1. Using Cα-Cα distances under 8 Å and only pairs 6 or more residues apart, what relative contact order does the stretch A:351-557 have, in percent?
2. Could you give the semi-axes, largest first, of the ellipsoid that matches chain A, computed as the square roots of 5 times the alpha carbon gyration tensor eigenvalues and rounded to whole Å?
3. Among A:H625, A:H353, what is the fewest-to-most ranking by other Cβ atoms within 10 Å?
4. For the stretch A:736-942, what's the relative contact order in percent, using C-alpha pairs closer than 8 Å and at least 6 residues apart?
5. Suppose R0 equals 56 Å. What FRET efficiency, 1/(1 + (r/R0)^6) with r the Cβ-Cβ distance, do A:L463 and A:V556 give to the nearest 0.05?
6. Sort A:S33, A:S292, A:S226 so that the residue with the fewest other Cβ atoms within 10 Å of its own Cβ comes first and the one with the most comes last.
7. Which whole-Hz couplings ³J(HN,Hα) result when phi for each residue of the stretch A:246-251 is put into the Karplus expression 6.51 cos²θ - 1.76 cosθ + 1.60, θ = phi - 60°, listed in order with x for Gly and Pro?
8. Mind checking which lysines have their Cα closer than 20 Å to the Cα of A:K341? Skip sequence neighbours fewer than 8 apart in that chain.
Amino acid sequence: MDETSSFLPLIAAMPFIGALLPGLMIRAGRNVSALSAGFATLLALIMLILEAPAVMRGEVIRADIDWMPLLGLNVSFFLDGLGLLFALMILGIGLLIILYARFYLSKSDPMGQFYTYLLLFQGAMLGIVLSNNVLLLLIFWELTSLSSFLLIGYWKHLPEGRQGARMALAVTGMGGLAMIGGMLILGDIAGSYDLTVILAHGEAIKSSPMYMPALILILLGAFTKSAQFPFHFWLPHAMAAPTPVSAYLHSATMVKAGIFLMARLWPALAGTDAWFYIVGTTGLVTMLVGASIALFKDDLKALLAYSTVSHLGLITMLLGFGTKAAAVAAIFHIINHVTFKAALFMTAGIVDHSAHTRDIKRLGGLAAFMPITAVIATISALSMAGIPFLNGFLSKEMMLEEAAHTVWLGNHWVVPALATFGALLSVAYSLRFIAHVFLGPKRDDYPAKPHDPEFGLWAAPALLATLVVLIGIFPQAIAAPLVALTSGAVIGGEVSYLHLKLWHGVTPALYMSIIAVGGGAMLLWQHKLLERIWLATPRPEAKRLFDLFVDGLVTVTRSISEVLHNGAISRYLAVFVLTTVSLGTIAFLGGAHGAGGRELLSIPAPAFAAWGLLVVAAISVVTVHRRRFLALVLIGVIGLTVSLGFVYLSAPDLAMTQISVEIVTIMLMLLALNFLPKETPKESSVLRRSRDAIIAIASGGAIAALSYAFMTRDFSTISTFHLDNSYTGGGGKNVVNVILVDFRGFDTFGEIIVLGIAALTIYALMEALLSGPASRKLTTWVFDQPKSRDRHPLMMVVVTRALMPIAIMVGVFVFLRGHNDPGGGFIAGLIIAIALLMQYMASGFVWAQERQRMEYHTMIGLGVLIAGFTGIGSWFAGKPFLTSAFGYVTLPPLEKFELATAALFDLGVFLTVVGAVMLALYSLSRIARRAGETVNVEAMDYDPSEVQSTSEDT
Amino acid sequence: MEMLVASAIGVLTAAGIYLILRLRAFPVILGTAMLSYAVNVFLFSTGRLAVNAPPILTKTAESYTDPLPQALVLTAIVISFGMTAVVVMIALGAYLETGTDKIDIATDEEGDAA
C-alpha cells in the first residue's frame, strides 16, 4: 500500500527554493517577479497532481531521508487524502493569490519581498501538511508563525500592521510552544515520532494517563492557530495585512492549520468525552461569538475576519462531535469555506481598491458601478449564508443534521438550537455584506469613484465563485471523490455511505435551515435597532486586555531581572567567585584526603629567585594597580618570569609563545592606555577592599592547594600514544607541534578561526567607534601627557629597518624547524608580527601602511582557507579530515628533506596569527591616528634645529 | 619545586581575582591577564613537572614530559591574547563613548560601590 516517491521532498522544497527567486527577479520587473513566484508554485502543483492519481487509488506515498536518527528526527514526508486536499488548497489558492497580488500591490510596495515572504509561508504550510514526523511538523508549524508575522507586518509603516503582527506571533507562538510539549508526550506514548505510528496507537494514547495533558497542550496549539475562542482576538487584528495575505493566510491556509492538525490527529485523540466537551464546546462558542461580532462590524475585512472565526468554530465543532459523519461534514465545509471565503476577501480588496474605503457605512449601491464584482460577491456571500444551489448550503445542511442529534450533558436541544442560531447569524451578516455594500441607492460621496477592476484582479475570485456554483449544483461529481478520500484519511477507513446531494428530503436540518434564513433576514431588517443595542452593551475589548497582560508581564519580568542583573559587573563576579569557591570547599570537605606520593623535584636557587620575583611582582601589581603604567610594567615582569619557568620545566614551545605574546599584549595595552586615564581613582571603601581581599585570598589558596594536590600525585596519561606515534605517524619530532597540526589539528583549526573572528570583531568595533560620537571627541583629543616631538627617532628607524630582514629570517626559520624542534606556525606568526610592529613603531603608521601588500583581513581569511583546504585534501586520499601525509624528498644539491601536509596546515596557522595580531594592533592605532597625531608624519623628516629655534622664540 | 609552582599559581590567582573585583575597566583587564597566567600554568602543571625532558624526540633522551597539556596551553596563550585584545577594545570604546571607564552600570542604589 505504501509507495516510496522521490517527488514529495521536492514538492515540499519547491516553495523554499522558489522563495529565492522573486526577491532577485524584482530587478527584472514586477511581472517577472510575480511570474517566478507563480512558476515555483505551479511546478509544485504539477508534481502534486502527478502524485494525485496514486493517492486517489488509496495509496499512501512516502519519502524518508535520515537526518538526525539519534534524536528521532527524520525528514519524512507522506501524502494521503488529507495531505492531498490541503496541499491542493495551499498551492491552488496560492497560485490565485500570486496572480491577484500582482495587480493588488501598488507600485510603492516592495513586491519581491512580498512574494518571498509568501512563498516562505507557502513552504511552511506545505511542510505541515506533508510531514510524517511530528518534530518536523513542529518546525514547519513555527515557521508558519514566523513567516505570517512577516506577512502581516508587511506594511511596516502602519502601526496597526506591526501591532497585529506582534499579537499574532505572541498568541500563535505561545500555542506553538504548548504544542511542542503535547507532541513530545504523544511521541513518548507511541514510542515514535512518526505520525503514522502515532496514529496507529490511538487506543494506547487515549487510555494513557498522559492523554489529558497531551490533549490540552495540542489543542492549545490548534486553537490559537485557528483563532478559536478565547484566542480568536488576534485574527481581526491580523487584518491590517494586505488583502492578498488576508485571503491566503486567514481564510485558506494558516488558520486552517489548527483544523488540519485536529483532523490529522483525529484517529489518535478524538472519540473521548474530553475531546467532545473541549473541542465541540469551544467550536460552538467560537461559532456564536464570531458570528455575533461579525454582524456589527463596519469594516468589510473585519466582518469577514469574524465570519472566518465563526466558520472555523463550526468546523472545530464538527470535528469535536467525534462521529465519522461529522468529520466528513467538517472536511466538506473546509473545501467550501476556502472557495467562498477567499473569493469574498478578494472582492473586499477590490472594493477597497476602487472605492478607497472598506467602511460599510460609507458604501452601498455599488452594484451599478461594479457589476462583475457585485456578482462574484453575491454568489460567494450567498454561499456563506447557506443558500441552496451553492456549496455552502450543502455543508451547512450536513452540519445542522449532525447538530440535530448531538446530546450535550444530557440535553437534547441546546446544541441544535445554538447551531441553528449560529447559522441564522451567518445568514444575517452574509446578507448584510450584499445589501449594505452592493444594493441600496447609489451614493455620490464615495472617497473615489468605484469601478470594476482590470481582469487580473477579478479573475481569481471569479474562478472561485464558479467553483462555488459548480460544487453547489454537482457536488457528487466534483467534490465527492475528494471528500470521500480525505474523510477516509481522517477517520481511518472507507467512507462508503457518502452521498453529497442537494435534496435530502424533509429532515430536521431543513427546518433548521429555513428558520436560519428567515431569522437572518429578520435580523438584517432590524439591523439599525440591534446595532444601537449592541453598541450600548459593554463588551470586553480583547486588544486592551492583551496589551494589559503583556505590559504586566513585561513589568514583572523586568523587575525580576533588574534585581538579579542590576548592571554591577563587580557584584556578579564576586558572587560567581564566592559560589565557585564554596562549592569547591564543600566538595573538598566531603571526601578523605591523603598526601600525594609522587617524588618531588628539588628547588635550585635560581628557581627560588624567580619565584620570589614573580610573587613580589604579583603583589606589587595589586598594590600599585592605580598607577597604570607601572602596573603594566610589572605585568610584563610576571609574563617574562612565567616564560622562564616554562624554559626550566621542559616546555620550550610554551616559553617562546609566552614571551612573544607578552610583547604584543603589552604593546596593545600601551596603545589603549594612551586614551584611558593613567590613574585609577580610589573608589571602594576599606570594607569593600577587605571583602575582595578575603575572596581573592580564599580562591588563591584553594587553587594553590588544588594544583599542589595534582602535582604530588602520579597519573595516567594518553600522551604515550602521542609520543609513540609522533615520528612514525606524524613525521615530526616536536611532539607538541605534531599534536597541534596533526593529532588535534581539528582543535587548532577551530582555534585559528576563533582568533580570526576576535580580530575581525576588534576591527568592527573600531569602525563603529570611528563613525560614532566618539569620533568627534577623538579629533579634538587633548593628550594628558606630553608627547615626544620626535616621533620617529633616527636611531630606532635605522635599527628597525636593518633588523627587519633578520627578524623575518628568524620567523621563517622558527616556522620551518617547528615540526622537529621548538617553533611552528603560532610562534613564527607572533615573531613576524613583532617584526612588522617594530616598523609601525619606528617609522610610523603611514609609512608602514604604504608598504603593506596584503590586507590583514585577507591574510586571516587566506590562513583559514589554507588550513581548511589542507584538511579537505585528505578526503581525496579517502582519509578523514586533516589526516596528514608526509614524505622525504632528495633534490641533488641539497640534503634529504621532509615535505609534510602538516607544514601546509601550519602555514595557515601562521598566516592567521600574523593577520589577527596585526589587525588588532592596526585597529587600535587607527584610533590613535584619528586623535590627530600630526607631528612629523614621515620618518626622518624632523629637523632638530627648527625645534631649537621655535623654543627660543617662545 | 612543586610547592613553588603551586604557590605561584595561588598568588597569581589571588591577585587576578582581587583585580577583577575592582570598579574600573583597566584593573579588570590586568586581572584577567593575571588569571590567564594562573590558568595556563595550572593547565601546564597537570602534566606534572619535569626538568630536562622536553617533548622533542631524540635518540638519547631517557624520558619526555607530557606534551598534551603543553599543546593545549600553547593555543590557550594565543587565544588569551585575542580575548584580551577584544576586551581592551571594548573598554576603550566604552570609555570614548561614555567618558567613564567604570564597569558597573550606575543605578539608584549605589550602596555597594560607595
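1. Dividing the mean separation by the residue count of the stretch A:351-557 yields 30 percent.
2. Values: eigenvalues 1045, 238, 180 Å².
Those come to 72, 34, 30 Å.
3. Sorted ascending by nearby Cβ count, the order is A:H353, A:H625.
4. Relative contact order of the stretch A:736-942: 35 percent.
5. Working: r = 51 Å, r/R0 = 0.92.
For R0 = 56 Å, the calculated efficiency reads 0.65.
6. Numbers: A:S33 26, A:S292 18, A:S226 30.
Fewest-to-most Cβ neighbours within 10 Å comes out as A:S292, A:S33, A:S226.
7. Along the stretch A:246-251, the couplings run 4, 5, 7, 6, 9, 10 Hz.
8. Filter leaves A:K225, A:K256, A:K297, A:K301, A:K396.
Read the figures in this text as sums done on the coordinates, not as results from a lab. Worth saying up front: this structure is predicted, and the values here are computed from it rather than measured. Reconstructed Cβ throughout: ideal geometry from the backbone, glycine too, with neighbour counts over all protein chains shown.
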